[in-house]
Structures are given as structure tokens and as C-alpha cells.
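What follows is a single structure, written as C-alpha cells, with notes after it.
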Amino acid sequence: MLGVIAEDLDANPELNIGEMPFEVTDISLLAPDVGEPGTRGVLETGTGVVCRLPPWRCEEYGIETDGENATFWEPEHTIEPLKTQLENNLDQKHDQFCPDDLPGPSERENDLFDSYELIKTFALPVTVTQGVEMTYILSKWRFGYEVQDDHHRRHLNLALDTGIGGRNALGFGFLNIDEESVVPAGQTAAKPVEQGGSDR
């Protein structure tokens, strides 16, 4: 869909929003990449992450449930259910968009991310369909990573492309690379420069 829009804007660069005319002067392809194996960095959630735990998963982790409805993840549930749900969700996207002969995220021994830094959780009313509003409990994160191999690189880039968690079509779970955190393979992180004080 974006390709068709780009072709149309390339052929006819005038874009009107209401009565305000604009002209598109440049179209470029964005292809974010976590880097080659050995690269370290941080992915930040640009929007809140939806993580709903199914009743059977709640029972497995000793989380109170009504036995019928999914439960939104909260910090009191610990990190393990969240990690499992995010990985399972990315597995589904891998099955949808990647060749069948390539291993999915849950088929690797190591975790998807090296570290999970919770920034905050918050509740947000969301219109899920016309006339239907639900309150979602969302979380924002900083995920540390070190690219282990080409498969891991593919999984992290898939997360960048599709988002993590649920309800991505509503704009949730999208990730950005914290460019300042990236240390390319074979390099060491730069040491911070110490600021010298002056005696008076």
C-alpha cells in the first residue's frame, strides 16, 4: 500500500490537506536494521505495548484469573510471562512473513532481548471497533540487545518492522533504535568524557 502511495506522490508531488497545499520534495525508503552479529544496542518502545495473558498462561504463572478472559500484563506479574507472550506473538509474525525453513524466535536458545527496562505502565481507553471502547493496560520499555547471529538479527528486525505485543494495527508496540546506544560489532563503547571543574 505504501509503495502505491509513494508512486502516486512521485508522479504527482502536490499534496493538499484541506485548503493547505504542500509539495513532496523527496521520498526515501526507511529500512531500520539492528546491525550485524556482535552489534549491541537498545530498542525503545515508541508506543505502549499490549501484552494480554491468556487464562491458561495466568494459571501456569499463578496469576489470578476468571478463567475466561485474558489479563493485561502488569509489573506484579514478573517479567517471565511478558517475555513468553512477546516471543510467542513474534513467532506468529515470523510464521506469516518469513520462509518456513527459517527458525522462529522461540526456536532459539537465547532470549530475544538481553535486558528489559520498564519505563512505565499506564491505562488507556481504546476504541477497538465502532462504538466499543475498552481500557488497555500498556507498558513502555527499553530493550537491550546483542545480535547473536543472522537468525537473531532477522527476529529483531522483524520486531522493528511489525511491532511487538498485540494490537499493532491500532498503533501499539512499535519500536525505535536508540541510535546513541548502538555499538557496532568489534567495537567497544566509547567512555564518557569527564568534565573537569575549575577551582575558584
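The values are calculated or read from the model by the stated rules, or taken from the named source; none is laboratory data. This is a predicted model, so every value here is computed, not measured. Don't worry about glycine lacking a Cβ; one is built from the backbone with ideal geometry, like all the others, and counts go over all protein chains shown.
Here are some notes:
- Residue that is modelled with the highest pLDDT [pool: residues in segment 182-200 that are aliphatic (A, V, I, L, M) and in a loop (DSSP other than H, G, I, E, B)]: Val182
- Of the residues making up segment 42-56, just one is part of a loop (DSSP other than H, G, I, E, B) and either of a type in the set (S, T, N, Q) or surrounded by fewer than 13 Cβ atoms within 10 Å (Cβ to Cβ) (or both), namely Thr47.
- The residues of segment 35-47 that are within 12 Å of the chain's Cα centre (by Cα) and either among the aromatic types (Phe, Trp, Tyr) or modelled with pLDDT of 95 or more (or both), listed by number, are Val42, Leu43, Glu44, Thr45.
- Here Pro21, Pro13 are screened, and the one residue that is free of Cβ contacts under 8 Å to residues at least 12 places away in the same chain and touching a strand residue (DSSP E or B) at 6+ places or on another chain (Cβ under 7 Å) is Pro21.
- Looking at segment 63-181, the strands (runs of 3 or more DSSP E) lying wholly inside it that each contain 1 or more residues that are surrounded by fewer than 18 Cβ atoms within 10 Å (Cβ to Cβ) and at pLDDT below 95 sit at 115-129, 132-146.
- Scanning segment 49-62 for residues that are of a type outside the set (Lys, Arg) and either modelled with pLDDT of 95 or more or touching a strand residue (DSSP E or B) at 6+ places or on another chain (Cβ under 8 Å) (or both) yields a count of 7.
- Enumeration of residues in segment 63-96 that are more than 17 Å from the chain's Cα centre (by Cα) and β-branched (Val, Ile, Thr): Ile63, Thr65, Thr71, Thr78
- Answer from Glu109, Glu74 - the residue that is among the charged types (D, E, K, R) and without any contact (Cβ under 8 Å) to a residue 12 or more places away in the chain: Glu109
- Inside segment 1-41, residues that are surrounded by 11 or more Cβ atoms within 10 Å (Cβ to Cβ) and in a loop (DSSP other than H, G, I, E, B) make up a count of 11.
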